[in-house]
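This report refers to the structure that appears directly beneath it.
The values are calculated or read from the model by the stated rules, or taken from the named source; none is laboratory data. Not measured: the values here are computed from a predicted model. When we count neighbours, we look across all protein chains shown, and the Cβ atoms used for this are built from the backbone with ideal geometry, even at glycine. Keep in mind that these areas ignore ligands, DNA and RNA; they rest on the heavy atoms of the full protein, side chains included. Shrake-Rupley method; radii C 1.70, N 1.55, O 1.52, S 1.80 Å.
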Amino acid sequence: MIETESLILDKAKFSDWKEMYYNVWSHPESAKYMAWDITTSEEAAKIRIVKTIAFQKEHDTYLVYEKSTGKAIGFAGVEKLEPYIYQEAGICLGPNYVKKGLGKQILQGLIQYCKEEFGAKEFVYSTRAENRASDLLAKSFGFSMISSTAKTDGKDGHPYTLLQYSLKL
């Protein structure tokens, strides 16, 4: 579990399916810069939460919960690239929870977690160039760009530029 000022990052429970469906998974704007498609029914959301729970058992990924309400409002995670080098494995918040400083709390929490748990010395952050909010988030932390790569979106085939940033810890 990772705790920030107003959020808790913790492993998913089956009962989270409804909040994740209505707060995150059913919104095209949540999936816009992500590698997943929206979930279009409550039944599909129940299947998705089961898959999420199984995935989280093997990966350092979490749902994001609002402390004040306990609601599931997003997801985030990290993964090891090399010894002492970690990267975020996606940060996503539902559309009602963006532009409130929560992404900054999540990123800070993930970085702190990697430093404390794994002795991380470097943290890598990736974003699409067109995702201005994510790009500005990286820059606000003092990340330095390490690469810019042309990619093609697997969902709709449109080209995009993947920016990778690094922060020495």
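On inspection, Val50 does not qualify as β-branched (Val, Ile, Thr) and closer than 21 Å to Leu110 by Cβ. The conditions of being assigned to a helix (DSSP H, G or I) and exposed (fewer than 14 other Cβ atoms within 10 Å of the Cβ) are not met by Ile106.
Number of residues in segment 25-63 that are touching a strand residue (DSSP E or B) at 6+ places or on another chain (Cβ under 8 Å), open to solvent by 40 Å² or more (accessible area, probe 1.4 Å), modelled with pLDDT under 95 and part of a helix (DSSP H, G or I) equals 0.
Among the residues of segment 145-154, is there at least one that is free of Cβ contacts under 8 Å to residues at least 12 places away in the same chain and within 30 Å of Trp17 (Cβ to Cβ)? The answer is yes; a qualifying residue exists.
Under the condition of being within 16 Å of the chain's Cα centre (by Cα) and among the basic types (Lys, Arg), the residues counted in segment 3-17 number 1. If only residues of segment 2-21 that are in contact (Cβ under 8 Å) with a residue 24 or more places away in the chain and open to solvent by 70 Å² or more (accessible area, probe 1.4 Å) are counted, the one that is farthest from Ala44 (Cα to Cα) is Glu5. Identify the single condition in (1) touching a helix residue (DSSP H, G or I) at 6+ places or on another chain (Cβ under 8 Å); (2) in a helix (DSSP H, G or I); (3) open to solvent by less than 50 Å² (accessible area, probe 1.4 Å) that Phe75 does not satisfy, given that it satisfies every other one. Exception for Phe75: condition (2). For segment 64-71, the criterion of a residue being part of a loop (DSSP other than H, G, I, E, B) and at pLDDT below 95 is satisfied by no position. Would you mind stating whether Gly90 is open to solvent by less than 40 Å² (accessible area, probe 1.4 Å), part of a strand (DSSP E or B) and out of contact with any strand residue (DSSP E or B) (no Cβ under 6 Å at 6 or more places or on another chain)? Considered against the rule, which asks whether it is open to solvent by less than 40 Å² (accessible area, probe 1.4 Å), part of a strand (DSSP E or B) and out of contact with any strand residue (DSSP E or B) (no Cβ under 6 Å at 6 or more places or on another chain), Gly90 comes out as yes.
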